[in-house]
Amino acid sequence: MIRGNIYDNMSSANKIAELHILENRFIIKVDEIILYEGDLSDLNISSRIGNIKRTISLTDVFTFVTKENDLVDTLILKKIKKSNLIYTLETKISLILLSLIMTVLISFSFIKWGIPYISEKIAYSLPIKVNNVIASNTLNIFDNQIFTKSKISKAKKEAIRKKFQNDILKNITNKENFNYKINFREWKYGKENIANAFALPNGDIILTDHFINLSSNLDEISSVLLHEIAHIKYRHGLQNIISRSFIAVIITSMIGDIEGIADIAVGFSSLLINNGYSREFESQADLYAFEMMLKLNIDPINFSNILSKISKEDENILNDTNLSDYFSSHPNTNKRNKIANIYSNCFKENLKVCKEY
């Protein structure tokens, strides 16, 4: 017998009542008078949540409320073999742990594969004007905070631009109509001159003075320019910033808030300085550069040479906490040089496709 209160669905009044279970049938009594009876399977029983009162009802007829939850489970639910998911999860520690593990795995999978996949789709679908806004604001931030005017001679700048225009841009596909352009800047960090190159989403490529001074020839510079073109072509910068500002980018791109997109440039500039690109993106950009160098008759060993010189320079500043994250995000230099050497061997054999890799 289960004690409780019964409410007639036609009124708000309630009476103290008893619910009796006989095999697969129920009887509800008030003062020993039978008010209702029927099959257990016709009853609707609310889920158990802690010690909150349960409701047992017969559609459009009555509602029986009781706090004797254990009796409801043993006398009714077991007989009609109904599951109580919420209560089961609440009382079964193994299922709680399983649910927790599943939640962690699903969250990890979404972060590991879901967000990168969605970020890639968004990056390729954003209109060019968004790229332009992010790039122009990022360059303004760089110029205001870290860069100064380049001291490279006009003649050297013209030689680099001429080779870029005639030997590279005329021989690569540009279906996206990116406006590839070289920007020269000096970057000093304390007393250190920083040798580096950056690609902005709209096609702007920044070369620092120290990077140019370290280069022995135009082919070394061209190898890095091809690497940066790959970052632009494959939207690596956009994918990174979308992944890290996932919700903000989705909302601003949906509502077309260009000012909101402009604010993302702050995050993008910080991302380039402190984190660079992922190892996967760097490797993809390397392979694109190597393959294009074979087609453009540039020995890929030039990439290895300039990379080794930059890495040697980097050793002087890796202990600086503000820059160590950037350089540690790149793939291992020795591994990159090894691949460059494989492509260099293909170049020496006059191959346009390196089947060894």
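Values quoted throughout were computed directly from the atomic coordinates according to the rules given, and no laboratory measurement underlies them. A quick note: this is a predicted structure, and the numbers were derived from the prediction, not measured. All Cβ positions, glycine included, derive from the backbone under ideal geometry; neighbour counts span all protein chains shown.
With both labels modelled 7 Å from their Cα along Cα-to-Cβ, the Lys191 to Lys163 distance reads 3.2 nm. Simple spin-label estimate for Ile49 and Ser308 gives 6.8 nm between the two label positions (7 Å along the Cα-to-Cβ direction from each Cα).
The ranking of Leu95, Leu43 by Cβ neighbour count inside 10 Å, starting from the fewest, reads Leu95, Leu43. Model label points for Asn14 and Asn171, set 7 angstrom from Cα along the Cα-to-Cβ axis, are 8.6 nm apart. Take the Cβ atoms of Asn183 and Ser109, set R0 to 45 Å, and the FRET efficiency comes out at 0.70.
Summing charges over neighbours of Val224, with a neighbour being any other residue whose Cβ is under 13 Å away from its Cβ, gives -2 when K and R count +1 and D and E count -1.
Extension gain, Thr74 to Asn297, is 72.1 nm, computed as 0.36 nm per intervening residue step minus the present C-alpha separation. Between Ile93 and Lys338, full extension at 0.36 nm per residue minus the direct alpha carbon distance yields a gain of 83.0 nm. On full extension, the segment bounded by Lys67 and Arg3 gains 22.2 nm, given 0.36 nm per residue less the C-alpha separation. Among the listed pairs Lys129/Lys188; Lys156/Lys338; Lys175/Lys335; Lys191/Lys309; Lys129/Lys149; Lys121/Lys295, those with a Cα-Cα distance over 23 Å are Lys129/Lys188; Lys156/Lys338; Lys175/Lys335; Lys129/Lys149; Lys121/Lys295.
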